[in-house]
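First the structure, in the form of structure tokens, and then the observations on it.
The values are calculated or read from the model by the stated rules, or taken from the named source; none is laboratory data. Here the structure is a predicted model, which is why all the values come from computation and not from measurement. Neighbour counts are summed over all protein chains in view; Cβ atoms, including those assigned to glycine, are modelled from backbone coordinates with ideal geometry.
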Amino acid sequence: MRVLVTGGAGFIGSHLVDRLVSEGFSVRVVDNLSSGRIDYIKRHVDTGTAEFMLGDLKDPSVAMRAASNVDVVFHFAANPEVRLSSTSPDVHFNENILATFNVLEAVRKLGVEELVFASSSTVYGEPENMLVDESAPLRPVSVYGASKAACEALIHAYSKLYGIRSVILRYANVVGPRLRHGVIYDFINKLLSNPGELEVLGDGKQAKSYIYIDDAVEATLIAWRRSNAYYDVFNVGSGDYVSVDEIADIVAEVMGLGKPVKKYRPVLHGVGWPGDVKRIALKIDKLRGVGFAPRMSSREAVRETARRLLEEIVSEKGGAVKHI
């Protein structure tokens, strides 16, 4: 089967490429490398097990070339920085909505039969009840979340109008090696600079679901393969949650730092920035129903990610990890 992975040099995309190549798929990657790294998939490109196409999906002609002669599109290209919502909303419109429209048009015109889309738990916004399943209303509080909800709506319309089988994956916070944004990465860098003090954006009581990258990729393929609907939506998480304060403690412990002094920087109702969601946890009963069982809890995913990212960050800086 011939597969296109948009954003395949990014964090989640590159791990998905690893898995697809290992299973013998013919893989094409398109990425503009704005946040992705060619190093993540270089070994596949060098050995000819994956084709790399440098291009920006905001250009419709790029989307057409990328989607030509493929059987399924895994659309994972997006700008992942939720914080940009309050300062540069146009980025999320262009990188997420416009790019997705161009991908859908290419899929429609070329007759690609299947699409798998990386959505986000941010589409739910601030839910009335912390635990949410796929039937919860979509009330995003960030432009990032709104852009993902808009993409879902577009995909639903294209699925119904043009018979494109579509699977939507509403990911929790996906973490693991190669991650270069988010709270764990932020905490490690801050503590490497000042081991005795840690700035925490928000009041530390924010709590969300996390999922390790290997579990996220496994869930992605299970949902794609086992969904029996023409348009289907799955929450993807570990089935639990962890607070920012707990993450700070885990990261400090992994780094061998004891308990640094926390300096909280809350805004609004204790969130880290405008558009941040205070508390949300994803129910994954539907995903479990098609055979998915997470191997790591949210806390285990955070701990393993802190360990792996610390190794990567210190190595990039030319040092060696002393405390794990």
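Scan the range 186-206 and tell me whether some residue there is part of a loop (DSSP other than H, G, I, E, B), of a type in the set (Val, Ile, Thr) and more than 15 Å from the chain's Cα centre (by Cα).
No, every residue in the range 186-206 fails to be part of a loop (DSSP other than H, G, I, E, B), of a type in the set (Val, Ile, Thr) and more than 15 Å from the chain's Cα centre (by Cα).
Looking only at residues that are part of a loop (DSSP other than H, G, I, E, B) and β-branched (Val, Ile, Thr) in the range 21-79, which one is farthest from Gly10 (Cα to Cα)?
Looking at residues that are part of a loop (DSSP other than H, G, I, E, B) and β-branched (Val, Ile, Thr), I get Val70.
Here is a list: Ala229, Ala219. Which entry is over 19 Å from the mean Cα position of the chain (by Cα) and hydrophobic (A, V, I, L, M, F, W, C)?
Ala229
Report, by residue number, each residue of the range 113-162 that is free of Cβ contacts under 8 Å to residues at least 24 places away in the same chain and either touching a Gly at 6+ places or on another chain (Cβ under 7 Å) or of a type in the set (Asp, Glu) (or both).
Within the range 113-162, Glu128, Arg139, Pro140 qualify.
Give me a count of the residues in the range 271-324 that are surrounded by fewer than 17 Cβ atoms within 10 Å (Cβ to Cβ), on the phi > 0 side of the Ramachandran plot and at pLDDT below 95.
1
Only one of these is on the phi > 0 side of the Ramachandran plot and under 21 Å from the mean Cα position of the chain (by Cα): Leu104, Leu98, Leu33. Name it.
The match here is Leu33.
I need the full set of residues from the range 94-129 which are surrounded by 15 or more Cβ atoms within 10 Å (Cβ to Cβ) and closer than 20 Å to Tyr210 by Cα, in order please.
Within the range 94-129, Phe117, Ala118, Ser119, Ser120, Ser121, Thr122, Val123, Tyr124, Gly125, Glu126, Pro127 qualify.
Restricting attention to the range 207-236, and to residues there that are charged (D, E, K, R) and in a helix (DSSP H, G or I), which single residue is nearest to Val116 (Cα to Cα)?
Applying the filter and picking the extreme gives Arg225.
Could you tell me how many of the residues in the range 199-233 are more than 26 Å from Ile188 (Cβ to Cβ), in contact with a helix residue (DSSP H, G or I) (Cβ under 8 Å, 6 or more places away or on another chain) and of a type in the set (Gly, Ala, Ser)?
1
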